[in-house]
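**Q** Sharing a structure with you now.
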Amino acid sequence: MRTDDLITTRRFLEKLPSIMRRAPRMLQGLAMAAATGPDSTAGLGWALERATHLNPNGRAVLYRETTLTYAAFNAWANRIAHHFQASGLRKGDVVVVLMENRPALLAVAAGLAKLGVISALVNTAQKGRILEHSLNLVSPRAAIVGEELLDAFGEVSSRLHLDAAAVYCCPDPEAGGDSPLASRYRNLETEIAAQPSQNPATTRQVKGHDGLFYIYTSGTTGLPKAAIMSQGRFMKVYAGLGHSLPLGPGDVIYVPLPFYHATAMVACWGSALAGTAGVALRRRFSASEFWSDVRHYDATAFGYVGELCRYLMDRPLSPDDRRHRVCTMLGNGLRPTIWTAFKERFGIDNVMELYGSSEGNVGFSNVFNFDNTVGFCPVPYKVVRFDRETEQPVRGENGFMIECGRGEPGLLVAEISARNPFDGYTDAARNAACILTDVFRKGDRYFNTGDLMRDIGFRHAQFVDRTGDTFRWKGENVSSTEVENVMGLHPALEHAVVYGVEIPGTNGRAGMAAIKSRGEFGEAARNDLLARLRKELPPYAIPVFLRVQSDVVTTGTFKYQKAPLKTEGFDPALTGSDVLFVLLPGTDRYVALTPELYEQIRKEAFRF
């Protein structure tokens, strides 16, 4: 870390003029967040109805050539709410929502939120056994499936704990309405058509402690976990973050991120609702069309993850790079290596970098607009010393953890209290695994974020790395155990150890698997393995590198030693006699990773 990343008193005082200009609205948001308790009326439905009251004719949702006003969009959500209320759904019930980015996804989420029904936002890249697990995990009362994903849903439908009569198809205009599976299920569009469009009374009965979303995260058991996002946590983001951003009725935030993630669904959309601004969606991110979209929607802000920014930086320089009205970007994962260059090239003034987790109780946001930081945190947290070899926090002679000094990397932990609760997962056993006890005194409880951070002053932090069996690639969290389980089913493999490695010029860590084969691991076996991985895993979870080992190093308890593997990475000079393979971008097979090819990768000759 550069010493100029530390936030000194002088640097903080230099920000005061800009802070004071935004202070009244920020204080209003903080007061709203503080007043939202477990029994307060709260949540997404309330926020939408408030925005509609304040700006009924303003732009609410934009998609391609469609623009919906707040009044029209709220009426759509209301028809959905009235239909499912009449169908017998009640507060606390769960509905699986499997749909790509489009206005219907937001309308469904808002309509269910007005009832206090929890939307389980399933990752649209999931398929096969993993999709089956995610759908059954939350014991849904119903499922709403976009027509564009009926094929993936149909493959697992016979193994779901869900009656076919409780499955709705949401028509997709871009699919042409000709899916052969659509007729098997109830048509959501048809069934809500006659429902009333006024606000349901149930919105005022939804409280802060009620559930809003299940957001799926990578699990150490090898399958996704469902993290609980309460209505109250949504309100804290909506109030605290939304009132810190300069978004108003004339603004639009462009969000090409998947809305099954909290960054898009909660942070970006919540901020738009707080300012009664519009949110513009794209089905999937496109670097080549990004700025064209921004201009098409006349956006003044956009949502991002670090990989998105890197892809934009990789595009050729253009006279149009600054031909837009964007002044604010909101998201996470912008690395210090491109932070300043990105701002300067595209003329961005305000980087609202965020940090948080779907299940956790701690969050940072760069409300004061410093560079190279995840921002400011208003809740109690500590950074404690962490042993990378044992993957455990360090405890002193007194048995308690040791707080890091300013600028020293360590494990981020956050105190669990009545004012700062831990929503956690649907599985109590998994919740227990995230909680540290007797951290600084007997009986205290802290949430283990699993992330290494530096405290850089004035309650600001800087992200360093992830710990354990989860790494981040292409803006997604990848569970190494999940990938290992899929690879372990292949008949050619005796074992597979998966971990993340850094590739020069990229954000996050690409997947790498150290494997031991049962025989010769020839081209046919490699091709078959890749075919299986593509069938069972999302594209971002497929290992980019393979390392074929002759010997396997384990601990005394037969755990694989990942630390040396991570250190050696995919450098042929460090991996001895082990044979390396790489899946190059845009190709369909693993090829031998020679020293010459390694040098090309190191010099960023390929765009991973």
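**Q** Can you give the % of DSSP beta bridges in the chain that are antiparallel, to the nearest 5?
**A** That works out to approximately 60 percent antiparallel.
**Q** Which of the aspartates and glutamates could a cross-linker bridge to Lys127, judged by Cα under 17 Å and excluding same-chain residues fewer than eight apart?
**A** Output for Lys127: Glu100, Glu147, Glu148, Asp151, Glu155, Glu476, Glu482, Glu484, Glu536.
**Q** Additional query: Going by C-beta contacts inside 10 Å, put Ile80, Ile456 in order with the fewest on the left.
**A** Placing the least packed residue first, the sequence is Ile456, Ile80.
**Q** Related question: Can you give me the Kirkwood hydrodynamic radius for the chain, using every pair of distinct Cα atoms, in Å to one decimal?
**A** Averaging 1/r across every pair of different Cα atoms and inverting gives 25.3 Å.
**Q** Place +1 on the Cβ of every Lys and Arg and -1 on the Cβ of every Asp and Glu in the chain, take the dipole about the Cα centre, and give the residue among Thr52, Phe440, Val497 whose Cα lies farthest towards its positive end.
**A** Of Thr52, Phe440, Val497, it is Thr52.
**Q** Continuing with this model, one more query. Counting pairs of alpha carbon atoms under 8 Å apart in space and at least six apart in sequence, what relative contact order in percent does region 9-83 give?
**A** Once normalised by length, the contact order is 17 percent.
**Q** Please state the equivalent ellipsoid semi-axes for region 38-86: what are the square roots of 5 times the Cα gyration tensor eigenvalues, largest first, in whole Å?
**A** Working through the eigenvalues yields semi-axes of 21, 15, 9 Å.
**Q** Further question: Looking at this model, which pairs from Lys516/Lys562; Lys207/Lys236; Lys114/Lys474 are more than 22 angstrom apart at the alpha-carbon?
**A** Result: Lys114/Lys474 exceed 22 Å.
**Q** Please report the net charge: other residues with Cβ closer than 13 Å to the Cβ of Leu281, K and R +1, D and E -1.
**A** +2
**Q** With the radius of gyration and the Kirkwood radius both derived from the Cα set of region 389-512, what is their ratio Rg to Rh?
**A** Using only Cα positions, Rg/Rh for region 389-512 is 1.02.
**Q** Sort all Cα-Cα distances of region 36-358 into consecutive 20 angstrom bins from zero, then give the percent of pairs in each bin up to the one containing the longest distance.
**A** Pairs per bin, as whole percents: 33, 59, 8.
**Q** Treating the beta-carbon of each Lys and Arg as +1 and of each Asp and Glu as -1, no other charges, what is the dipole magnitude of the chain about its Cα centre, to the nearest 20 debye?
**A** Using Cβ point charges on Lys, Arg, Asp and Glu, the chain gives about 1420 debye.
**Q** Determine, for each peptide in 354-365, 511-522, 85-96, the mean count of other beta carbons within 10 angstrom over its residues, then list the peptides with the highest first.
**A** Ranking, from highest mean packing down: 354-365, 511-522, 85-96.
**Q** Let me ask something else. Arranged from highest to lowest average of other beta-carbon atoms within 10 Å per residue, in what order do the peptides 542-548, 502-508, 65-71 appear?
**A** In decreasing order of mean packing, 542-548, 502-508, 65-71 become 542-548, 502-508, 65-71.
**Q** What size of dipole, in debye to the nearest 20, comes out for region 470-602 about its Cα centre when the only charges are +1 on Lys and Arg C-beta atoms and -1 on Asp and Glu C-beta atoms?
**A** 340 debye
**Q** Continuing with the same structure: If you place +1 on the Cβ of every Lys and Arg and -1 on the Cβ of every Asp and Glu, how big does the dipole about the Cα centre of region 36-358 come out, in debye to the nearest 20?
**A** 620 debye
**Q** Order 285-294, 306-315, 268-277, 397-406 from most to least packed using the mean count of other Cβ atoms within 10 Å.
**A** Put in order of decreasing packing, that is 268-277, 306-315, 285-294, 397-406.
**Q** List the relative contact order of region 162-257 as a percent without decimals, with contacts defined as Cα pairs under 8 Å and 6+ residues apart.
**A** Relative contact order comes out at 17 percent.
Coordinate-derived values only; no laboratory data. Since the model is a prediction, treat every value here as computed from it, not as a measurement. Using ideal geometry, Cβ is built from the backbone for each residue, glycine included, and neighbour counts are taken over all protein chains shown.
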